[in-house]
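A short worksheet on the structure shown next.
Derivation of every value follows stated rules applied to the coordinates shown; laboratory data play no part. What you are looking at is a predicted structure, and each value in this text was computed from that prediction instead of being measured. Note: ideal-geometry Cβ built from the backbone for every residue, glycine included; neighbour counts use all protein chains shown.
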């Protein structure tokens, strides 16, 4: 029997390896967008407000497709859904790199957000199945691989652009990497159905709503850095256009460091302190980025923001296992969906603020939200 058709046990190393690589390549694919932003703005003339509205397409794609993920997995299994979503992601990246019109770019961004949203949900389903069957915790490592992929993607395309490759050529190279990596590990994607209640959206209440709102702020911060850091660095801090992706790379690097070191930090500080100190550190990082005139210190600011945000969303999601308002799987799905609304509303709102006021004011308001998140940390107990 060919390897691709053989049943895979969730306890096997090949399943864990596929999940790690899957998360890595999802982060890799996501971060390719950041270095492309300045080139897209040069290729297609638009205002900050129009660009911010275009970014809505990423969030709309994620929020409209994510609820369908469970149904697809239930009917088709994890492996076909992941691979089909990867193919759609690759076509979306092609559209983002080559589009000459706002309509094509909007469609590409919609498919970009939708495919990544489905991949995120389905890989988390596989991670839950692996944890359930092995009796061991792997999710922190899986999510750390996503962050590592984000760094690698941003740095890889930024490096290719710095060496003189055209944006379209560099994107094609990244597409080949994503395709080959997923094909190589595809036998490790499971055929399991979604765990009962694991992906259906349920109206959240109480603690679940609070966790969702706070996750919204963290995802908003990540989306803002992804979509706007390159423009802010190149337009306000005199960084070369080809190196604009370093802002998100700095953010993602410190998120990765924080997550791989997260277990002892969380065990030592506890949930409330991780949220409180993380929110304050992230706000300080954004403040440093705003106040400094040198792009090097601005990169440090984005890195501190990433370090602060690194373990906030994981401990928020983990806290849902200690609430009784909803079944845990449904609570996690609801809170994550609310969190992704930050990707929908946040970057677009920043674009509107940048258009009518300034991008600096938009980042200042983000810092204020992170401080509010820190102030809400007292609601949590271990």
Quiz item: Taking region 83-151 on its own, what percent of its Cα-Cα pair distances exceed 13 Å?
Solution: 69
Practice problem: Give the peptides 371-377, 85-91 in descending order of average Cβ contacts within 10 Å, highest first. | Solution: 85-91, 371-377
Quiz item: Using helices alone, what [θ] at 222 nm do you get for the chain, with -39,500 (n - 2.57) per DSSP H run of 4 or more residues, divided over all residues and rounded to the nearest 500?
Solution: -27000 deg cm²/dmol
Practice problem: Could you please state, rounded to a whole Å, how far the C-alpha centre of region 278-310 is from the C-alpha centre of region 108-164? | Solution: 23
Self-check item: region 209-276 shape via C-alpha gyration tensor axes, a/c threshold 1.5
Solution: oblate
Exercise. Starting from the alpha-carbon convex hull of region 202-382, give the projected area averaged over all orientations, in nm².
Key: 9.8
Quiz item: When only Cα pairs under 8 Å and 6 or more residues apart are kept, what is the percent relative contact order across region 202-382?
Solution: 38
Exercise. Give the relative contact order (percent, whole number) for the chain; include only Cα pairs under 8 Å separated by 6+ residues.
Key: 26
Exercise. Could you grab the relative contact order for region 9-188? Cα pairs under 8 Å, six or more apart, rounded to a whole percent.
Key: 44
